[in-house]
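Asks: Pasting in a structure now, in structure tokens, and then I'll have a few things to ask.
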Amino acid sequence: MASIDQSPIGTTPENINKPFSATTISLPLVSIISEKLIKPSSPTPHTKRWHRLSLIDQAFSNSYIPFSLFYTKQQLDAISKNNNPTQISHLLEESLSKILTTYYPYAGRLKDNNVVDCNDTGAEFVEAQISCPISQTLNWHNSATEDLLFPQGLPWSNSADRGLVAVQLSYFNCGGIAISMCISHKIGDGCSGYNLFRDWSEITRDPNFSKPSLHYVEQSIFPPPSSGPFLSPLFMSSKHDCVQRRYIFSNEKLLHLKNRVAAESEVQNPTRTEVVSALIFKRAVAAAKANSGFFQPSSMVQAVDLRTQIGLPPNAIGNLLTICPTSITNEQSMTISKLVSEMRKSKELAYNRDNINDNIFVALLLELANSKQEYHDNGPNAYQITSLVKFALHEIDFGWGKPTKVNIANGLNNKLAILMGNQSGGLDAFVTLNERDMFVFQRDPELLEFASLVPSC
């Protein structure tokens with residue numbers, strides 16, 4: 001059994017956690033129990049051996065979208081008193097093997113930047129023991145501790161030599177568990193990853209669950225450029241100087257914020273995603289101004305799922321998206337109501353465009369390829385805000401009920417917010433900024449009027 005010793009978090013006068021933490025908690029030890037490959041339960045037919053990557057697939061590095069779900073001992077015991085580690089791991093390994101027969105590209109390996117070899121090498125599966133109770137992760141937000149619940153080094157990484165899905169089953173001292181999954185962005189977007197996680201849970205809960213019929217888009221919508229495929233990715237993650245905080249927006253506060261925007265703008269039906277995105281963007285730009293001493297024209301970049309717009313089913317697998325930018329050039333326009341109005345206009349333009357033949361994200365990628373640049377982020381003053389609200393991660397049920405908590409790992413870049421629904425009907429916002437900006441942002445009175453900051457340790 002391998003043991004990884006992690007040193008405790010330091011507390012210095014500059015530590016941005018200090019005013020928000022009652023104590024400093026040492027990182028737990030992680031003991032690796034087992035590491036194995038889970039192959040599909042039946043071989044992938046030879047006719048499906050090669051999964052060809054679209055232009056957008058090729059542009060992404062093999063970064064891993066990292067979700068983790070937490071289940072307490074009480075949840076496990078409510079179903080069966082015999083939920084010992086051996087039984088839990090056997091159950092999850094067997095069901096993962098079954099679902100990989102449908103999600104077979106995820107059991108393969110990248111041959112190059114153009115093709116996945118669906119050779120059934122298998123998904124990575126790690127079992128680990130965490131030397132702390134689950135309450136240490138439920139009651140606090142400690143991205144360093146929570147990152148230990150993922151296969152080491154994978155969340156948001158640009159790895160080219162690992163499996164395309166990696167799972168870690170972590171056992172806490174108290175008997176609770178976390179199920180973490182890192183899903184390659186190379187094959188599909190957040191919708192594709194959510195479908196895999198959800199379908200795996202459903203076949204775990206019900207062995208008679210009918211396996212889904214998936215639509216693999218491959219190169220049919222966004223073929224490689226006529227000059228040939230991208231030889232290397234254009235979009236690379238950067239985990240340097242990333243500090244993540246988790247904010248909870250209650251349903252009551254969301255309603256208050258939506259009513260304020262409706263009263264102050266021509267948008268009479270603002271969504272919770274719109275108002276939260278606008279608030280986070282406004283206060284993040286204000287934090288940057290506090291540190292730099294001057295306002296910088298900035299943009300908010302949001303991904304748009306194209307499945308409905310271009311006539312594809314929800315179970316279509318691939319990176320099927322465009323981007324929707326909202327740019328602000330003067331500080332007077334930095335009001336929440338104005339931002340929501342501009343976001344709505346930008347979205348309407350995106351939805352009315354021919355996103356197959358006139359996709360602005362594809363155009364940007366082709367421009368970068370021609371100039372031989374990498375797309376490390378969306379620009380020097382661009383903030384990426386991604387909404388996963390329509391994907392019910394907080395309802396994924398492996399047979400022990402809905403997860404007590406859903407988490408997404410720190411990283412990707414340091415101008416990022418990811419929004420997810422939560423059990424109470426509100427929103428969770430995982431915000432990542434650089435250390436100096438986060439120091440200001442997490443103390444922002446306007447932000448804290450509507451959101452509760454989960455204490456960090």
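Asks: Somewhere in the stretch 176-192, is a residue surrounded by fewer than 24 Cβ atoms within 10 Å (Cβ to Cβ) and of a type in the set (Ser, Thr, Tyr)?
Replies: Checked against the condition, which is being surrounded by fewer than 24 Cβ atoms within 10 Å (Cβ to Cβ) and of a type in the set (Ser, Thr, Tyr), the stretch 176-192 yields no hits at all.
Asks: Now, a different point. Would you say Gly318 is small (Gly, Ala, Ser) and at pLDDT 95 or above? Full working, then the answer.
Replies: Numbers: small (Gly, Ala, Ser): yes; at pLDDT 95 or above: yes.
Criteria met by Gly318.
Asks: Could you grab the pairs with beta carbons closer than 7 Å, sequence gap of 6+ or different chains, first residue in the stretch 265-279 and in contact (Cβ under 8 Å) with a residue 60 or more places away in the chain, second one of a type outside the set (S, T, N, Q) and part of a loop (DSSP other than H, G, I, E, B)?
Replies: Cβ pairs passing all conditions: Thr273/Val389.
Asks: Sticking with this structure for a sec: Of everything in the stretch 193-230 that's of a type in the set (Phe, Trp, Tyr), at pLDDT 95 or above and open to solvent by less than 30 Å² (accessible area, probe 1.4 Å), which residue is farthest from Ile396 (Cα to Cα)? Walk me through how you get there before you give the answer.
Replies: Within the stretch 193-230, the first condition is being of a type in the set (Phe, Trp, Tyr), and the residues that meet it are 194, 197, 200, 209, 216, 222, 230.
Filter again for at pLDDT 95 or above, leaving 194, 197, 200, 216, 222.
When the remaining residues are screened for being open to solvent by less than 30 Å² (accessible area, probe 1.4 Å), the result is 194, 197, 200, 222.
Details: Tyr194: 9, Phe197: 8, Trp200: 9, Phe222: 31 Å.
Applying the filter and picking the extreme gives Phe222.
Asks: Still on this structure, please answer the following. Residue by residue through the stretch 260-283, note down the ones that are of a type in the set (Phe, Trp, Tyr) and surrounded by fewer than 20 Cβ atoms within 10 Å (Cβ to Cβ). Talk me through it step by step, then tell me what you get.
Replies: Our first condition is that a residue be of a type in the set (Phe, Trp, Tyr); within the stretch 260-283, this holds for 281.
Those that are of a type in the set (Phe, Trp, Tyr) and surrounded by fewer than 20 Cβ atoms within 10 Å (Cβ to Cβ): none in the stretch 260-283.
Asks: List, please: which pairs have Cβ atoms under 7 Å, are six or more places apart or on different chains, and start with a residue in the stretch 430-457 that is more than 17 Å from Phe249 (Cβ to Cβ) and in a helix (DSSP H, G or I) and end with one that is open to solvent by 40 Å² or more (accessible area, probe 1.4 Å) and polar (S, T, N, Q)?
Replies: Listed by first residue and then by second, the contacts come to Arg436/Asn291; Asp437/Asn291; Val440/Asn291.
Asks: Can you name every residue in the stretch 84-113 that is open to solvent by 40 Å² or more (accessible area, probe 1.4 Å) and of a type in the set (S, T, N, Q)?
Replies: Those that are open to solvent by 40 Å² or more (accessible area, probe 1.4 Å) and of a type in the set (S, T, N, Q): Asn84, Thr86, Gln87.
Asks: Still on this structure: Residues in the stretch 347-361 that are touching a residue at least 40 places away in the same chain (Cβ under 8 Å) and open to solvent by 20 Å² or more (accessible area, probe 1.4 Å): how many? Outline the logic, then answer.
Replies: Of all residues in the stretch 347-361, those touching a residue at least 40 places away in the same chain (Cβ under 8 Å) come to 347, 350-351, 355-356, 359, 361.
If we keep only those that are open to solvent by 20 Å² or more (accessible area, probe 1.4 Å) as well, we get 347, 351, 356.
Looking only at that region, the number is 3.
Asks: Might you let me know whether the stretch 120-135 holds any residue that is part of a helix (DSSP H, G or I) and out of contact with any helix residue (DSSP H, G or I) (no Cβ under 9 Å at 6 or more places or on another chain)? Even if it seems obvious, please write down each step before you answer.
Replies: Applying the first criterion (part of a helix (DSSP H, G or I)) to the stretch 120-135 yields 135.
Filter once more, so that each one left must be out of contact with any helix residue (DSSP H, G or I) (no Cβ under 9 Å at 6 or more places or on another chain): 135.
Yes, that holds for at least one residue.
Asks: Related question: Would you confirm whether any residue within the stretch 306-317 is touching a residue at least 24 places away in the same chain (Cβ under 8 Å), assigned to a strand (DSSP E or B), outside the structural domain of Phe197 (by the TED database) and open to solvent by less than 30 Å² (accessible area, probe 1.4 Å)? Step through it out loud before you land on a result.
Replies: Going residue by residue through the stretch 306-317, those that are touching a residue at least 24 places away in the same chain (Cβ under 8 Å) are 306-307, 309-310, 312-317.
This time we only want the ones that are assigned to a strand (DSSP E or B), so: 316-317.
If we keep only those that are outside the structural domain of Phe197 (by the TED database) too, we end up with 316-317.
Then keep just the ones that are open to solvent by less than 30 Å² (accessible area, probe 1.4 Å); that gives 316-317.
Yes, some residue in the stretch 306-317 is touching a residue at least 24 places away in the same chain (Cβ under 8 Å), assigned to a strand (DSSP E or B), outside the structural domain of Phe197 (by the TED database) and open to solvent by less than 30 Å² (accessible area, probe 1.4 Å).
The values are calculated or read from the model by the stated rules, or taken from the named source; none is laboratory data. Please read all numbers here as calculations on a predicted model, not as lab measurements. Cβ atoms come from the backbone with ideal geometry, glycine included; neighbour counts cover every protein chain shown. SASA here: full protein model, heavy atoms, side chains in, ligands and nucleic acids out. Shrake-Rupley method; radii C 1.70, N 1.55, O 1.52, S 1.80 Å.
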